[in-house]
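Report on the structure given below.
The values are calculated or read from the model by the stated rules, or taken from the named source; none is laboratory data. Computed from a predicted structure; not experimentally measured. Don't worry about glycine lacking a Cβ; one is built from the backbone with ideal geometry, like all the others, and counts go over all protein chains shown. SASA here: full protein model, heavy atoms, side chains in, ligands and nucleic acids out. Shrake-Rupley method; radii C 1.70, N 1.55, O 1.52, S 1.80 Å.
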Amino acid sequence: MTYVYDEQYAFHYIVDGRLTFLCMADAEKRRIPFVFLDDVKNKFIATYGDRANSALALSMNEDFGRTVKKTMDYYNDPANDATAAAQKKLDAVKNVMVQNIDLIMERGEKMDLLVDKTEQMQQNAQQFKKTSQQLKDTLWCKKVGEGRTGRVH
């Protein structure tokens, strides 16, 4: 459960039988505080077991305080947040994929331009062939026509 105070701080707690485990964190963080509380609860129960149910309030603070401090330091270190690390890796992969897609699209545009130029060259080649054939035919007709007139070269 969570109680948010002043839209800035959140009090997260877990109740297990007669025991309540509580921590305070920034309001936007929810996952890590609950993982922290679950870890503290498991360590507390493993250390004290049923003795915790009959203990006086705060009587185990001195002993267990060091464990809480170490656990808190661990969960406050961003290097220990596997989910955040995985998210960073996922974001990096996503960025690489976006760059690759951009390159593919750019390459596709270049390919389209190349196809257009190839089609234009093909049309020009066909036009050249047609014009060449017409010129050949004209020259042949001219040559044949000169042969009929009896001209000798």
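Listing for the model above:
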item: Positions within region 12-29 being within 20 Å of LYS70 (Cα to Cα) and open to solvent by 30 Å² or more (accessible area, probe 1.4 Å), in sequence order; result: TYR13, ILE14, THR20, LEU22, MET24, ASP26, LYS29
item: Unmet requirement for LYS88, which otherwise passes all of (1) of a type outside the set (A, V, I, L, M, F, W, C); (2) over 21 Å from LEU19 (Cβ atoms); (3) open to solvent by 100 Å² or more (accessible area, probe 1.4 Å); (4) modelled with pLDDT of 85 or more; result: (4)
item: Residue count, region 30-51 (criterion: open to solvent by 90 Å² or more (accessible area, probe 1.4 Å) and either in contact with a helix residue (DSSP H, G or I) (Cβ under 8 Å, 6 or more places away or on another chain) or in a helix (DSSP H, G or I) (or both)); result: 2
item: THR83 of a type in the set (Val, Ile, Thr), open to solvent by less than 80 Å² (accessible area, probe 1.4 Å) and in contact (Cβ under 8 Å) with a residue 24 or more places away in the chain; result: yes
item: Complete set of residues in region 1-17 that are assigned to a loop (DSSP other than H, G, I, E, B) and among the acidic types (Asp, Glu); result: ASP6, GLU7
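Okay, residues lined up against (1) at pLDDT below 85; (2) closer than 30 Å to TYR13 by Cβ; (3) outside any helix (DSSP H, G or I):
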{"site": "ASN53", "(1), (2), (3)": "yes, yes, no"}
{"site": "ALA57", "(1), (2), (3)": "yes, yes, yes"}
{"site": "ASP63", "(1), (2), (3)": "no, yes, no"}
{"site": "VAL98", "(1), (2), (3)": "no, no, no"}
{"site": "ILE101", "(1), (2), (3)": "no, no, no"}
{"site": "ALA125", "(1), (2), (3)": "no, no, no"}
{"site": "GLY147", "(1), (2), (3)": "yes, no, no"}
